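The values are calculated or read from the model by the stated rules, or taken from the named source; none is laboratory data. Just so it is clear, the structure is predicted and the values come from calculations on it, not from any experiment. Heads up, the Cβs are rebuilt from the backbone with ideal geometry, glycines too, and the neighbour counts pull from every protein chain shown. Just the protein is used for accessible areas: all its heavy atoms, side chains included, with ligands, DNA and RNA removed. Shrake-Rupley method; radii C 1.70, N 1.55, O 1.52, S 1.80 Å.
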Amino acid sequence: MRLTPDQIAIVLRVATSFIGQSYAHDFRCVDFVRSVFSAAGIVIPKLTTQSPPAEFNISKEELRDPPVGHIMFLKDRTDPRKWRAWTHVVIIFPHKMCIHCSLFHGRKVTVSTLDELFTVYDFAESK
């Protein structure tokens, strides 16, 4: 799914309004992304731990120049649940940054560089 310029503007505006909100059992990375995209009129379906949905995940080729406002799924290298295809989801920000609700980066909605994330996570490619 490719976002329109208007949808991207809404996603970025709404996502930044969440900065600092605490991570909680009922507000994790998926809940954050779902809330942001809902404000842009996009329904994220129930996600499973199998392959990230290709219609929402960026492609491996797009990693070089990730499309702002789009979603990227990641897999924690140290997660003992090896059967999971992904463990984290983020929204791409300008300048190879991302915004996400992270248990490990301050237990809140925060902005990180993609380089920071790739020290812990691998890209979770859709099948």
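Looking at T113, T87, T78, which one is under 23 Å from L12 (Cβ atoms), of a type in the set (S, T, Y) and free of Cβ contacts under 8 Å to residues at least 60 places away in the same chain?
Among T113, T87, T78, only T113 is under 23 Å from L12 (Cβ atoms), of a type in the set (S, T, Y) and free of Cβ contacts under 8 Å to residues at least 60 places away in the same chain.
When residues of segment 78-120 are filtered for being among the small types (G, A, S) and farther than 22 Å from I44 by Cα, how many remain?
2
Determine, yes or no, whether D79 is open to solvent by 10 Å² or more (accessible area, probe 1.4 Å), of a type in the set (D, E, K, R) and part of a strand (DSSP E or B).
No, not satisfied.
For segment 29-43, name all the residues that are outside any helix (DSSP H, G or I) and open to solvent by 40 Å² or more (accessible area, probe 1.4 Å).
Of everything in segment 29-43, those that are outside any helix (DSSP H, G or I) and open to solvent by 40 Å² or more (accessible area, probe 1.4 Å) turn out to be G41, V43.
How many of the residues in segment 51-75 are without any contact (Cβ under 8 Å) to a residue 60 or more places away in the chain, open to solvent by 20 Å² or more (accessible area, probe 1.4 Å) and outside any helix (DSSP H, G or I)?
Adding up the residues that qualify gives 4.
I'd like the full set of residues that are buried (at least 17 other Cβ atoms within 10 Å of the Cβ), touching a residue at least 60 places away in the same chain (Cβ under 8 Å) and over 22 Å from L103 (Cα atoms), limited to segment 1-28.
L3, Q7, I8
In segment 88-109, how many are out of contact with any helix residue (DSSP H, G or I) (no Cβ under 9 Å at 6 or more places or on another chain) and open to solvent by less than 50 Å² (accessible area, probe 1.4 Å)?
Residues meeting the conditions: 0.
Give the number of residues within segment 36-51 that are of a type in the set (S, T, N, Q) and closer than 16 Å to C98 by Cα.
0
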